[in-house]
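Below: one structure, written as structure tokens.
The values are calculated or read from the model by the stated rules, or taken from the named source; none is laboratory data. The structure presented is a predicted model; accordingly, all values stated were derived computationally and were not measured. As a convention, Cβ positions derive from the backbone with ideal geometry for all residues, glycine included, and neighbour counts pool all protein chains shown. The accessibility values were calculated without ligands, DNA or RNA, using every heavy atom of the protein model including side chains. Shrake-Rupley method; radii C 1.70, N 1.55, O 1.52, S 1.80 Å.
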Amino acid sequence: MIVDAAGIATISGAMLKPKKIDGHNHGNYLIAVHRVAPTTNPNCQRIYSKRSDAYKRSTPVTSDGQQHQAKFLALKGTIISYP
């Protein structure tokens, strides 16, 4: 969020996330996006509302996907340095 004298100038990211109560979600996602790429269009701020299960997986995890998840979890706490 960038704030100026008039209030919020730009905002980007999740503004609201659903809350899980008693095993199910209440509310929706409210996501703001601020475009920073050069353009002549003055409309650079957009806000989207997504249903609470928008990011829920719709297909089962494949064995290849399980391997990638295991690799990610193994590396998650590791700091990788590059020469």
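General remarks:
- Rounded to the nearest 0.05, the FRET efficiency derived from the C-beta distance between Met1 and Thr62 at R0 = 35 Å is 0.35.
- Pairs exceeding a 22 Å alpha-carbon distance, out of Lys17/Lys71; Lys19/Lys56; Lys20/Lys56; Lys17/Lys76: Lys17/Lys71; Lys17/Lys76.
- In the stretch 26-67, the alpha-carbon atoms span a convex hull of 134 Å³ per residue.
- Rolling a 1.4 angstrom probe over the protein heavy atoms with all chains in place gives the chain an accessible area of 89 Å² per residue.
- Length gained on full extension, Ser12 to Leu73, computed as 0.36 nm times the residue gap minus the Cα-Cα distance: 19.2 nm.
- Residues whose amide H comes within less than 5 Å of that of Thr10, counting only those at least five positions distant or on another chain, are Ile2 (H built at 1.01 Å from N in the peptide plane).
- Cα-based shape type of the chain, given that a ≥ b ≥ c are square roots of the gyration tensor eigenvalues and the cut on a/c is 1.5: oblate
- Computed E for Asp22/Cys44 - FRET, C-beta separation, R0 30 angstrom, nearest 0.05: 0.15
- The C-alpha atoms of the chain define a longest principal axis, and helix 63-75 lies at about 70 degrees to it.
- Rounded to whole Hz, the Karplus (6.51, -1.76, 1.60) HN-Hα couplings of the stretch 12-25, x for glycine and proline: 8, x, 6, 8, 8, 10, x, 9, 8, 10, 6, x, 9, 8
- Share of carbon and sulfur in the accessible heavy-atom surface of the chain [1.4 Å probe, %]: 57 percent
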